[in-house]
Amino acid sequence: MLNLPQDFKNKYQNLLGTDEAEKMFQAMDNESKKAYRINPLKFNQKVSYAENHPVPNIKKAYYADVSGLDPEWVSGTVYSQDPSAMFPAAIANIKPGEKVLDLCAAPGGKSTALGQALEGNGILVANEISASRAKVLRENIERWGITNALITNNDSFALAKNFEHYFDKIVVDAPCSGEGMFRKNPEAIEYWSPEYVLTCQKRQIEILEQAVKMLKPGGQLVYSTCTFSPEEDEEIVSWLVKEYQMEILTIDSISLEKVSHGNPAWGSVSGLENTIRFWPQDDLGEGQFAALLKLPESKIETEKVRKAKKSKKKASLSKETSELIAKVLKNFKLPIEIENWDSRVQVRNDHVFIPAIDKSRLKGLKILNNGLELGILKKNRFEPGHQLAEVLGQVEQTYRINLSSEDEYKKYLHGETLRVDTSLKGFVLVSYHDFIFSFGKVTGNGVLKNFYPKGLRI
């Protein structure tokens with residue numbers, strides 16, 4: 001049984017009444033629900049997990065437990081995620097071609113959902129202020145096979161200097177007091193106090209002040225937390241409406257019978273009933289609050305935006321470099337997003353990549369990855385990169401080695417070379433159960449050299 005702080009209990013007994021608060025406290029002692037999403041970008045979506053208990057209102061999402069060692073996960077075919085946490089990205093209702101920012105993005109559940117919705121068209125900027133969490137974010141976005149993402153490791157102030165009035169949609173899943181995660185992460189209880197709630201509220205306002213600067217006039221903002229606290233939920237939404245004349249939109253994409261709504265009495269503006277909240281007793285997943293807001297229309301266009309529009313330059317490769325890359329790529333079927341790679345590719349410090357955003361907009365930012373890294377140039381040869389392998393998993397491939405046993409699969413994840421019986425030579429894709437997850441290189445004596453990244457090996 002969770003040892004809930006007495007101040008926490010008193011707070012929600014006052015807000016909800018004794019009976020409803022008791023239902024909440026009892027539900028917080030129940031086991032957490034686990035779920036996963038299937039990646040629609042991948043060609044092979046025949047997973048080994050149960051698909052008979054779908055998460056409501058989320059496409060290709062199901063309740064079940066997923067292992068990080070399974071080929072479905074390693075290949076980026078599934079993403080394990082709390083079911084409630086799937087809703088902020090769904091609420092954003094992303095359309096191909098839009099410019100989207102996931103401001104507090106790690107570990108990547110929202111970013112992978114936002115990126116797949118873009119279908120390779122438009123731009124996703126996924127940012128995380130924590131360097132260690134940003135590394136995990138990058139791994140998950142690359143595994144998902146997204147080609148048009150810029151991954152950054154900055155605070156919101158640095159981003160706002162470079163992306164003024166730039167994004168069509170912004171998702172801010174803000175750092176919060178974590179009340180909705182108590183049963184999943186009991187350590188969060190230790191951090192909780194009435195004072196900590198107000199500290200989180202102050203931090204949320206600081207982040208949102210910069211987020212609004214990056215939103216286009218008429219653009220939409222999804223604000224979400226994993227807390228029940230009115231100070232961090234209804235009061236923050238009220239502040240956005242008062243400070244920026246934002247409109248609280250109805251969330252039409254959610255039609256759950258059990259969904260709870262924001263409480264107008266806990267804020268100070270009209271429309272709070274259009275926000276949504278999942279309580280533990282709703283039996284969907286962990287606690288979650290979300291609001292969809294729209295910035296007023298205007299004719300704003302800053303000088304920075306106009307300059308960025310004029311600064312784009314077409315990249316060019318030397319004939320020799322282009323031939324090195326083409327020699328490797330010719331064996332694989334390319335997704336439509338990268339078929340014309342040679343007209344967009346750039347080389348920097350021997351890294352060959354197709355940028356998602358022109359570098360003129362990225363001054364002063366810490367960039368972890370810009371678009372799709374095809375690979376690296378090494379002594380008159382081209383070595384394809386891991387991100388490219390995950391992207392090629394969008395299309396069924398014939399130039400690949402499908403490992404024949406679990407033992408081979410585990411050895412490859414460990415970084416070992418394998419002996420294979422094949423007529424293929426040179427760089428090949430490696431799969432297990434037809435889930436593509438890596439590059440390998442077949443030598444003349446039938447040895448499959450291991451190119452699974454060292455940082456991902458087990």
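Aspartates and glutamates near K202 by alpha-carbon distance under 18 Å, same-chain residues fewer than 8 away left out - which ones?
D155, D173, E179, E231, E232, D233, E234, E235, E243
Using only Cα atoms, tell me the angle between helix 194-214 and the longest principal axis of the chain; keep it within 0 to 90° and round to the nearest 10.
For 194-214 against the chain, the angle is about 60 degrees.
Answer with one residue from A113, N148, A50: the one whose Cα lies farthest towards the positive end of the charge dipole of the range 49-158, charges on Cβ with Lys, Arg +1 and Asp, Glu -1.
N148
Per the helix-only calculation at 222 nm, which mean residue ellipticity applies to the chain, given -39500 (n - 2.57) for every DSSP H run of n ≥ 4 and division by its residues, nearest 500 deg cm²/dmol?
-8500 deg cm²/dmol
Based on Cβ point charges of +1 for Lys and Arg and -1 for Asp and Glu, what charge dipole magnitude is obtained for the chain about its Cα centre, in debye rounded to the nearest 20? Don't skip to the answer; put the middle values down first.
Values: 60 positive and 60 negative charges, 588 e Å.
Here the chain has a charge dipole of around 2820 debye.
Could you sort out which of K363/K449; K327/K363; K34/K169; K258/K410; K42/K135 sit more than 31 Å apart by Cα distance in this structure?
Those over the limit are K363/K449; K327/K363; K258/K410.
On a 0 to 90 degree scale, rounded to 10, what angle separates helix 18-27 from the longest Cα axis of the chain?
20
With +1 on each Lys and Arg Cβ and -1 on each Asp and Glu Cβ, and nothing else charged, work out how big the dipole of the range 53-196 is about its Cα centre, in Debye to the nearest 20. List each step's numbers first, then the result.
Numbers: 13 positive and 18 negative charges, 73 e Å.
Dipole size: approximately 360 debye.
Net charge near D350: determine it from the other residues with C-beta under 15 Å of the C-beta of D350, scoring Lys and Arg +1 and Asp and Glu -1.
On the way: positive: R348, K378, K379, R381; negative: E320, E373, E383.
Neighbour charge sum, excluding D350 itself: +1.
Between the range 66-81 and the range 188-228, what is the separation of their alpha carbon centroids in Å?
Each part reduced to its Cα centre gives a spacing of 30 Å.
As I understand it, the value is the acute angle between the Cα axis of helix 131-143 and the longest principal axis of the Cα atoms of the chain; what does it come to in degrees, rounded to 10?
Tilt of helix 131-143: around 60 degrees.
How big is the convex hull of the Cα atoms of the range 325-458, per residue, in Å³?
Details: hull volume 16.2 nm³, N = 134.
So the per-residue hull volume is 121 Å³.
Over 29 Å between Cα atoms: which of K319/K359; K11/K213; K11/K59 fall into that group?
Working: K319/K359 23 Å; K11/K213 34 Å; K11/K59 36 Å.
Violating the 29 Å limit, Cα to Cα: K11/K213; K11/K59.
For the chain, what log10 I(q)/I(0) values come out of the Debye formula at q = 0.10, 0.11 1/Å, with one point per alpha carbon and no solvent?
-0.76, -0.91
For the pair E190 and S270, what calculated FRET efficiency results from E = 1/(1 + (r/R0)^6), where r is the Cβ-Cβ distance and R0 = 41 Å, to the nearest 0.05?
Values: r = 37 Å, r/R0 = 0.91.
That gives a FRET efficiency of 0.65.
Values quoted throughout were computed directly from the atomic coordinates according to the rules given, and no laboratory measurement underlies them. Computed from a predicted model, the values in this text were never measured in an experiment. Virtual Cβ from ideal backbone geometry, glycine too; neighbours counted across all protein chains shown.
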